[in-house]
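**Student:** Below are the structure tokens for one structure; questions will follow.
The values are calculated or read from the model by the stated rules, or taken from the named source; none is laboratory data. Computed from a predicted structure; not experimentally measured. All Cβ positions, glycine included, derive from the backbone under ideal geometry; neighbour counts span all protein chains shown.
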Amino acid sequence: MEAGGSAFNKALFGEYLDRSSMEYAEGDYIKSDLFAVKARGAAAGEDVGPVVLADHRLPASAVGELSQARRELVEALDGNGRTTVPELAAHTQRQFDCWVEEQEENIQPEDIAACRAAFWAGLKQIQDAIRPAPMAAEPEPEPMAAPEPAPAMEVPQMPVFFVFLDFDSADLDAKAQGLVENIAKQIGIRDPARVFITGHADKAGSHDYNMALSERRAQAVADAIAGHGVDAMVLTAMAMSEDEPRVDTADGARERQNRYVKVTIIP
């Protein structure tokens, strides 16, 4: 069938049809049918929204972030997101459904992290696109005499932070704790929309073991940042196992540069 209706519905039809094809190729015919039904509804011009969390059996630890994510997504879509950036809005809705689906299965941390990261990145772009432009200020009258210029306040830039940890450990030593305190101060100054915290491990253990270890590392840094007064709702912790090493090593090698937590602050 061909998609009709708005640009958003046409894009959503393509996104859900693609996801249906992926599930079919993997042999999950039930989910393939579910996405095909949503694609058909979008093609018919129906109001097809993101999945309802109450319809899925989700881990209790994931419900809070997913609920916030759905609220923000619906607000962005209803706030002209569908018409302003229809393709991006459709892709982001698909990534939310992907995140919920993978989180319900809860057996592939890499896929959960990928869908979640793609969703938050897309949502941020939609929110930026629909944010109203600031009103132009009225011109000020000519001053009688030019005042002395006030010194400019320097606001520190938002770098990416790297917190390094000991071998086979998620504990923060004194140096790491000091860096975390500085990160929390930077977040307080910038008041960012999102902070991504990714845990990493070297190649000394198995991929599955390193996935669990990097998850503990990311959560340890997230908890420490929150302990300095940062709202935990802006923090997103993810595990990357031994992926994305800072130093290329052989499998099984210990390398301190690859035992780290990366903190990326999104304005």
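**Student:** Would you point out the residue of the range 61-88, among those that are more than 11 Å from residue 50 (Cα to Cα) and of a type in the set (A, V, I, L, M), that is surrounded by the fewest Cβ atoms within 10 Å (Cβ to Cβ)? Can you show your working first?
**Tutor:** Start the filter on the range 61-88 by keeping residues that are more than 11 Å from residue 50 (Cα to Cα), which leaves 61-68, 72, 75-76, 78-88.
After this cut, where a residue has to be of a type in the set (A, V, I, L, M) as well, the list is 62-63, 66, 76, 85, 88.
Values: 62: 18, 63: 13, 66: 20, 76: 26, 85: 22, 88: 17.
Top of the filtered list is 63.
**Student:** Test each condition in (1) touching a Pro at 6+ places or on another chain (Cβ under 6 Å); (2) closer than 30 Å to residue 131 by Cβ for residue 258 and report the one that comes out false.
**Tutor:** So residue 258 meets the others, but not (2).
**Student:** Let me ask something else about it. Considering the range 218-253 alone, what residues qualify as being in a helix (DSSP H, G or I) and among the β-branched types (Val, Ile, Thr)?
**Tutor:** Within the range 218-253, 221, 225, 234 meet the criteria.
**Student:** Could you grab me the full set of residues in the range 30-60 that are exposed (fewer than 10 other Cβ atoms within 10 Å of the Cβ) and among the hydrophobic types (A, V, I, L, M, F, W, C)?
**Tutor:** Within the range 30-60, 30, 52, 54, 60 qualify.
**Student:** Shifting gears a bit: Out of 202, 173, 191, 231, I need the residue that is loosely packed, with under 15 Cβ neighbours inside 10 Å, under 23 Å from residue 113 (Cα atoms) and charged (D, E, K, R). Which one?
**Tutor:** 231
**Student:** Select from the range 193-210 the residues that are part of a helix (DSSP H, G or I) and either at positive phi or under 18 Å from the mean Cα position of the chain (by Cα) (or both) and list them in ascending order. Even if it seems obvious, please write down each step before you answer.
**Tutor:** Step one: filter the range 193-210 for residues part of a helix (DSSP H, G or I), giving 207-210.
Once the filter is applied, which keeps residues that are part of a helix (DSSP H, G or I) and either at positive phi or under 18 Å from the mean Cα position of the chain (by Cα) (or both), the range 193-210 yields nothing.
**Student:** Right, another one. Looking at (1) of a type in the set (A, V, I, L, M, F, W, C); (2) within 17 Å of the chain's Cα centre (by Cα); (3) surrounded by fewer than 17 Cβ atoms within 10 Å (Cβ to Cβ), which one does residue 250 not meet, given that it meets all the others?
**Tutor:** (2)
**Student:** I want to confirm something. Restricting to the range 33-74 and keeping residues that are more than 23 Å from the chain's Cα centre (by Cα) and among the acidic types (Asp, Glu), which single residue is farthest from residue 122 (Cα to Cα)?
**Tutor:** The residue in question is 33.
**Student:** So which residues in the range 1-57 are within 15 Å of residue 86 (Cβ to Cβ), in contact with a Phe, Trp or Tyr (Cβ under 8 Å, 6 or more places away or on another chain) and in a helix (DSSP H, G or I)?
**Tutor:** Correct list: 16, 42, 43.
**Student:** Would you pick out the residues in the range 1-29 that are of a type outside the set (Phe, Trp, Tyr), more than 27 Å from the chain's Cα centre (by Cα) and either over 17 Å from residue 102 (Cβ atoms) or surrounded by 14 or more Cβ atoms within 10 Å (Cβ to Cβ) (or both)?
**Tutor:** Residues satisfying the conditions are 1, 2, 3, 4, 5, 6.
**Student:** Residue 177: more than 20 Å from the chain's Cα centre (by Cα) and either aliphatic (A, V, I, L, M) or assigned to a helix (DSSP H, G or I) (or both), yes or no?
**Tutor:** Values: more than 20 Å from the chain's Cα centre (by Cα): yes; either aliphatic (A, V, I, L, M) or assigned to a helix (DSSP H, G or I) (or both): yes.
For residue 177, the condition - more than 20 Å from the chain's Cα centre (by Cα) and either aliphatic (A, V, I, L, M) or assigned to a helix (DSSP H, G or I) (or both) - is met.
**Student:** Considering (1) closer than 30 Å to residue 232 by Cα; (2) in a loop (DSSP other than H, G, I, E, B); (3) in contact with a helix residue (DSSP H, G or I) (Cβ under 8 Å, 6 or more places away or on another chain), say which one residue 90 fails and leave the rest.
**Tutor:** Residue 90 satisfies every listed condition except (2).
**Student:** Would you confirm, using the coordinates I've provided, whether residue 12 is of a type in the set (A, V, I, L, M, F, W, C), closer than 18 Å to residue 119 by Cα and either in contact (Cβ under 8 Å) with a residue 60 or more places away in the chain or in the same structural domain as residue 118 (by TED's automatic domain parsing) (or both)? Explain how you work it out, then say what you get.
**Tutor:** Values: of a type in the set (A, V, I, L, M, F, W, C): yes; closer than 18 Å to residue 119 by Cα: yes; either in contact (Cβ under 8 Å) with a residue 60 or more places away in the chain or in the same structural domain as residue 118 (by TED's automatic domain parsing) (or both): yes.
It is true that residue 12 is of a type in the set (A, V, I, L, M, F, W, C), closer than 18 Å to residue 119 by Cα and either in contact (Cβ under 8 Å) with a residue 60 or more places away in the chain or in the same structural domain as residue 118 (by TED's automatic domain parsing) (or both).
**Student:** When you look at residue 1, is it modelled with pLDDT under 90 and not assigned by TED's automatic domain parsing to the domain that holds residue 90, yes or no? Can you show your working first?
**Tutor:** Details: modelled with pLDDT under 90: yes; not assigned by TED's automatic domain parsing to the domain that holds residue 90: yes.
Against the criterion (modelled with pLDDT under 90 and not assigned by TED's automatic domain parsing to the domain that holds residue 90), residue 1 qualifies.
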